[in-house]
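Structure first, commentary second.
The values are calculated or read from the model by the stated rules, or taken from the named source; none is laboratory data. Given the structure is predicted, the values throughout are model-derived calculations rather than measurements. Cβ atoms come from the backbone with ideal geometry, glycine included; neighbour counts cover every protein chain shown.
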Ligand code: GLU
């Protein structure tokens, strides 16, 4: 069974690390397992809409630059398109397309009524002033004005974007349509209809599924050695929550450097150090400096890659010592590395489950906004936890029933639900 992608090829990438090909391979495996019709597979292999816009912006120097902005809307079979917008130099149309597809399966797996989308601009935010970033963001959203909306497509934060960008997006959309529309984006600041618990949500979701997996092994988070790659929105929150739950966070890293302590890091102290040290881990006194590559191979029980794609590859997979890998990032384990971890009996909690906490609380934010009724943080966390725990057990059950790895189990659930809805809705005309 082969998927036929109509997506235009851009910069050639070696097939084994092309994120879109990788996403299609997982889809094909799920389709085989589910014995999906070839035509359905073909529909699901292709994004419904691929949008690339030019974003002309005047920089602070007075110079005009044009950026390319992408929004890929993979599927809206189950509801409005949903997914983040990332600002990162490695953004390509194929990467955004892969991530849009992942969002479709993620939302379906979690049982939230959304389709999947993703957007991005290939920039390093740190190279631009706040004013420049605001102009880039506002022009991007105004170019997308007809393609987004609270019941059409709802962007959210992703790598390199945060509540600040979401407020600019909400404002730009609202000014263009003539009234305030908080539901057009999620991950907003609390002042404009954001939800309590959203900032920590992806990290919290990852901690919850690891906790459940440990429970199934007859263990607990208490004293469990955890290494986390990435110390931003996701990794930073996960580190804090693992630490609070009594786990021993032995290593963390950001894009430049990592730190390691066999006895466990004092995460609040690490955070305070970073705040005082221009967001750098360099020189943190109570730990040994390590590289990002070394972090992945630390002697630990749980490894949480919470940064970029393709971090655990054929080259380093044999040195990975963790017994559980929780994919807090999207696609951090390559296809080959995944097979090798599987063969060694390492439990891989797949990205569409392990990092779903973010979109789950986005959904809760959207629901609160639409009903004009806001909840306290305890309620948000409880509702999110229920959805995450439920999805985790569904995946484990599917894996047992079909005798397949957790990733394939998660994909069969997500893909299966979208395929079922697609065949129930039928094709127009
Ligand atoms: N960017 C996050 C993700 O990849 C959140 C998406 C959302 O909240 O819509 O899941």
Being within 16 Å of the ligand (Cβ to nearest atom), farther than 29 Å from residue 43 by Cβ, in contact (Cβ under 8 Å) with a residue 24 or more places away in the chain and within 22 Å of the chain's Cα centre (by Cα) narrows 365, 377 down to just 365
Here is a list: 280, 220, 253. Which entry is surrounded by fewer than 17 Cβ atoms within 10 Å (Cβ to Cβ) and within 22 Å of residue 86 (Cα to Cα)?
280
Please verify whether segment 153-166 includes one or more residues that are away from the ligand (no atom under 16 Å from the Cβ) and under 28 Å from residue 94 (Cβ atoms).
no
Please state which of the following conditions residue 187 fails to meet, knowing it meets all the rest: (1) outside any helix (DSSP H, G or I); (2) within 16 Å of the ligand (Cβ to nearest atom); (3) surrounded by fewer than 22 Cβ atoms within 10 Å (Cβ to Cβ).
(3)
Given the structure, is residue 205 at pLDDT 95 or above, buried (at least 21 other Cβ atoms within 10 Å of the Cβ), in contact with a helix residue (DSSP H, G or I) (Cβ under 7 Å, 6 or more places away or on another chain) and in a loop (DSSP other than H, G, I, E, B)?
no
Could you list, in sequence order, all residues of segment 89-114 that are out of contact with any strand residue (DSSP E or B) (no Cβ under 7 Å at 6 or more places or on another chain) and over 16 Å from residue 410 (Cα atoms)?
89, 90, 92, 94, 95, 98, 113
Quick one: which residue in 141, 136 is within 16 Å of the ligand (Cβ to nearest atom), over 18 Å from the mean Cα position of the chain (by Cα) and assigned to a helix (DSSP H, G or I)?
141
Name the single residue that is farthest from the ligand (Cβ to nearest atom) among those in segment 82-100 being closer than 19 Å to residue 46 by Cβ and under 15 Å from the mean Cα position of the chain (by Cα).
97
For residue 163: the one exception among (1) without any contact (Cβ under 8 Å) to a residue 60 or more places away in the chain; (2) under 21 Å from residue 307 (Cβ atoms); (3) surrounded by 24 or more Cβ atoms within 10 Å (Cβ to Cβ):
(3)
The one condition residue 336 fails out of (1) surrounded by fewer than 22 Cβ atoms within 10 Å (Cβ to Cβ); (2) under 21 Å from residue 207 (Cα atoms); (3) touching a residue at least 40 places away in the same chain (Cβ under 8 Å) is (2)
When you go through 343, 421, 322 one by one, which is the residue that is modelled with pLDDT of 95 or more and crowded, with 20+ Cβ neighbours inside 10 Å?
322
